[in-house]
Amino acid sequence: MVSGVQMQYYKVCKRKLWLFTKGITMENEHERVVEGKILHERAYPRLEEREILVDNTFKLDALDGEYVREIKISSKMSDADRFQMLYYLYELKKRGIIKKGLISYTKERKIEEVELTEKDEKAIEKAIKEIHAILQQPHPPSLKKLPYCSKCAYYEFCYALEGDE
Ligand code: SF4
C-alpha cells in the first residue's frame, strides 16, 4: 500500500521517493515531519475525527462532513499536495466512501477544494504502478536537477555524491 507521503514525493521527485522509502532519512526531513505533526494537532483541536487511520494503512488528517481535510504550511508544492489528496479520495472511493477534499494553506491563508474526476483516477492508478516499479529498482533513480533541490532534505546527499563522480 502506497502512503500519502510516498504519493507526494512521487510527484515532487522520484529519487526522493526511493530514498525516503528505503529508510534513508536526513535530520531536517525528520524535523519537517515533526513540524507538520504539530501543525496538524493545532489545526484541528475540535474535530473529533482528527487523524483517521483507514484500514490500518493510510492516515487522513481529518474528516469534516463531506470533506477530507489536510493542512499544509505553504502552497509551494500545491501540485503534489493536490495529487496526495486525490489519492486519498481515490482510496476512499474504492471503499465506497465518496468525499471531496479541502487543503488549507496556513501561510497564504487560502483553501483549495479538490474533486476526484475519472481522469484523476486513471492518473492515480498509473502513479501507483509506477511507484511500485520505482521501488523495485535496486538503485535510486538518477539525479535530475530540479528547482526544488536546494530546498530538499536530500540536497547535500544528492549533490555531494554528484561531486564525487
Ligand atoms: S535533492 Fe533533488 S534530486 Fe535529490 S532527492 Fe531532493 S529533489 Fe530529488
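Key figures
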{"read-out": "Eligible lysines near Lys107 by straight Cα distance, threshold 28 Å, same-chain separation 8 or greater", "value": "Lys11, Lys14, Lys16, Lys37, Lys59, Lys72, Lys76, Lys99, Lys145, Lys151"}
{"read-out": "Full-stretch length increase - Cys149, His132 - with 0.36 nm per residue and alpha-carbon distance subtracted", "value": "3.8 nm"}
{"read-out": "Dipole axis of the range 106-154 (+1 Lys, Arg; -1 Asp, Glu on Cβ), positive-most option in Ile131, Leu146, Thr106", "value": "Leu146"}
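None of the figures in this text is laboratory data; all of them are computed from the coordinates on show. On a predicted model such as this, the values are computed, not experimentally measured, just so you know. Cβ atoms come from the backbone with ideal geometry, glycine included; neighbour counts cover every protein chain shown.
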